[in-house]
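First up is the structure itself, then whatever we jot down about it.
The values are calculated or read from the model by the stated rules, or taken from the named source; none is laboratory data. This is a predicted model, so every value here is computed, not measured. Here Cβ is always computed from backbone atoms with ideal geometry, including for glycine, and neighbour counts include all displayed protein chains. Remember, those area values only see protein heavy atoms, side chains included, never the ligands or the DNA or RNA. Shrake-Rupley method; radii C 1.70, N 1.55, O 1.52, S 1.80 Å.
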Amino acid sequence: MQLIDYLDQLDKQLFLFLNQFHSPVSDAIMVFVTSRATWFPFYGIIIIYLFWKHKLHGFWPILGILLTILLADQFSASICKPFFERLRPCHSPEIGHLVHTTVKGCGGQYGFVSSHAANTFGLATFLFLLLKNRMKYIWLIFLWSGLVSYSRIAVGVHYPGDIFFGAWSGVACGYIAYLAFRYGVKHYKITLFD
């Protein structure tokens, strides 16, 4: 138990260190980055690309993306958060008064693991596995995931540990969804990316 307490304190200290770097400009940028609505055009471009490239067969990778998000979101929000019951920094009685928040409200009571991190890293993993041999700079999607995930610390709603474990759970969900996608494509003898 002492190790867990030590890691918890270390996580809180790292959070407070990272959360202190803010200005009106950086706050506005982080609020923009952390908003899910900001990324709707990006998701739309992915869907349009897949249908443009593969016509109706584009449905299959989109189904894989939806499975990824479903797994990552449900694992983080419906399993981890109620199980671990770790308060978000902005709800913490210990450090809540020190937290710089830039979003309205603080989100739900619990924050372990970050759904933003799980969802974005899940999507990045699925798309990377899907497109790694077809798009030269597809790895950049992990930078996008990192930026979105970091924004959760900047706006005051997640600890670095929430982000770290959320990201790894997302990677696992993206990989599982990709395996299911490959199985479905092979099982139904659908030709994609050939």
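What do you reckon, how do LYS136, LYS55 stack up by accessible area (1.4 Å probe), largest on top? Display every interim value, and only then the final one.
Values: LYS136 160, LYS55 135 Å².
The ordering from most to least exposed comes out as LYS136, LYS55.
From the protein chains alone at 1.4 Å, what is the descending order of accessible area for ASP5, ASP162, largest first?
Values: ASP5 80, ASP162 0 Å².
The most accessible residue leads, giving ASP5, ASP162.
Could you report the accessible area of ILE48 in Å², rounded to 10, computed with a 1.4 Å probe on the protein chains as they sit in the structure?
Taking all protein chains as shown, ILE48 has close to 120 Å².
Roughly how many Å is it from the Cα centre of region 114-176 to that of region 1-52, as a whole number?
So the two Cα centres are separated by 10 Å.
Specify the residue with the greatest mean-square fluctuation among ASN19, ASN133, ASN119, computed from a Gaussian network of the chain linking alpha-carbon atoms under 10 Å apart.
Looking only at ASN19, ASN133, ASN119, the biggest GNM fluctuation is shown by ASN133.
Please state, to two decimals, what the Cα-based radius of gyration of region 1-88 comes to when divided by 2.2 N^0.38 Å (N = residues). Intermediate values should be presented prior to the final figure.
Working: Rg = 19.1 Å, N = 88, 2.2 N^0.38 = 12.1 Å.
Dividing the Cα radius of gyration by 2.2 N^0.38 Å gives 1.58.
Angle between the Cα long axis of helix 40-54 and the longest principal axis of the chain, 0 to 90 degrees, nearest 10?
That helix lies at roughly 20 degrees to the long axis.
Reachable lysines from LYS81, Cα under 30 Å, same-chain residues fewer than 8 places away excluded?
List returned: LYS12, LYS104.
With no solvent and one equal point scatterer placed on each C-alpha of the chain, evaluate the Debye formula and give log10 I(q)/I(0) for q = 0.19 Å⁻¹, two decimals.
For the chain at q = 0.19 Å⁻¹, log10 I(q)/I(0) is -1.25.
If I ignore ligands, DNA and RNA and count only protein heavy atoms, how much of PHE51 is accessible to a 1.4 Å probe, in Å² to the nearest 10?
Its accessible surface works out to 80 Å², give or take rounding.
With every protein chain left in place and a probe of 1.4 Å, what is the accessible surface of ILE79, to the nearest 10 Å²?
100
By how many degrees, 0 to 90 and rounded to 10, does the Cα axis of helix 141-154 deviate from the longest principal axis of the chain?
Once rounded, the angle reads 20 degrees.
How would you order 123-130, 56-63 from highest to lowest mean count of nearby Cβ atoms within 10 Å?
Going by the mean number of other Cβ atoms within 10 Å, highest first, we get 123-130, 56-63.
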